[in-house]
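Below is one structure, written out as structure tokens, with a few remarks after it.
The values are calculated or read from the model by the stated rules, or taken from the named source; none is laboratory data. This structure is a prediction, so every number in the text was calculated from the model and none was measured. FYI the Cβ positions are ideal-geometry reconstructions off the backbone, even for glycines, and counts take in every protein chain you see.
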Amino acid sequence: MLSIPTEDKLRALKLYGMLKAFQEQCSQENAGQLSFEERLGLLIDRESTERDNRQMVTRLRNARLRQDSCIENIDYTQHRGLDKSMMKVLSTGQWLKDHLNVIITGPCGVGKSFIACALSHRACLMGYSALYVRAPRLFNDLAVARGDGRYTRLMKSLAKTNLLIIDDWGLSTLTDEQRTDLLEILEDRYNNQSTIITSQLPVKHWHETIGNATLADAILDRLVHNAYSIALKLDGDSMRKKNQKCQQV
């Protein structure tokens with residue numbers, strides 16, 4: 001009879017993990033053989049696990065990753081210059097602890113976004129917050145935020161995110177406003193957070209895309225010199241075509 005009030009109180013306190021564990025214990029005949037400390041420990045362990053899982057789901061949802069990918073699903077059979085040993089190092093997450101960056105370059109369809117999302121997925125599993133955004137959308141959002149008064153709040157949000165993924169960087173030459181925005185973002189994150197950049201352009205051409213030599217030096221200094229570099233190449237069909245063929249089979 002005492003179980004019902006206890007369940008109600010656990011539910012009211014939003015201790016849903018403990019509630020499930022308590023209900024399971026009540027339904028098990030041998031639960032009475034456990035000591036009070038053992039039963040309490042099991043309740044607390046379940047609550048901790050449930051909370052960790054909910055937080056992980058929230059981090060993945062907030063990351064808004066473009067692709068549902070993970071480190072384990074990366075294809076190394078394609079000859080595209082992907083160093084498996086480097087990916088093994090990145091999968092440990094030490095680069096996130098050290099606030100380093102990752103730059104992924106290569107032609108369209110070689111799997112840059114997939115790898116970026118896989119690294120971001122691993123980061124979320126390890127407890128880091130992440131946010132995926134395409135460069136054109138990022139600059140558009142900043143322009144809109146500047147007009148409606150949300151600019152400072154948005155910049156603070158970007159600065160606090162543990163891992164920022166900027167996809168499709170370098171599709172067009174930056175405007176004065178975009179150059180300034182990018183520099184401010186990278187300045188806020190330098191030695192504090194990690195950033196992943198994907199681009200079809202090799203890094204040696206980024207000066208031209210930024211469009212201002214002085215700002216380009218400042219931007220690249222905060223981004224390139226403390227980054228892992230993954231330069232992919234296209235050997236045969238693109239990964240998109242390969243995936244389409246697999247789906248058709």
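Considering only region 74-107, how many residues are under 20 Å from Leu164 (Cα atoms), surrounded by 17 or more Cβ atoms within 10 Å (Cβ to Cβ) and among the basic types (Lys, Arg)?
Adding up the residues that qualify gives 0.
State all residues of region 116-173 that are of a type in the set (S, T, N, Q) and touching a residue at least 40 places away in the same chain (Cβ under 8 Å); if no residue qualifies, say none.
Selection gives Ser120, Ser129, Asn162.
Looking at region 1-45 only, could you name the residues that are small (Gly, Ala, Ser) and surrounded by 13 or more Cβ atoms within 10 Å (Cβ to Cβ)?
Hits for region 1-45 are Gly17, Ala21, Ala31.
With Leu171, Leu125, Leu163, Leu131 as the choices, which residue is in the same structural domain as Val110 (by TED's automatic domain parsing), within 19 Å of Ser69 (Cβ to Cβ), surrounded by fewer than 16 Cβ atoms within 10 Å (Cβ to Cβ) and in contact with a helix residue (DSSP H, G or I) (Cβ under 8 Å, 6 or more places away or on another chain)?
Exactly one residue qualifies, and that residue is Leu125.
Quick one: is Met56 in a helix (DSSP H, G or I), exposed (fewer than 15 other Cβ atoms within 10 Å of the Cβ), more than 12 Å from the chain's Cα centre (by Cα) and among the aliphatic types (A, V, I, L, M)?
So Met56 does not fit the description; no.
Taking region 179-207 on its own, how many of its residues are over 23 Å from the mean Cα position of the chain (by Cα), surrounded by 14 or more Cβ atoms within 10 Å (Cβ to Cβ) and not hydrophobic (A, V, I, L, M, F, W, C)?
Number of matching residues: 3.
Quick one: count up the residues across region 17-40 that are over 39 Å from the mean Cα position of the chain (by Cα) and assigned to a helix (DSSP H, G or I).
Final tally of qualifying residues: 8.
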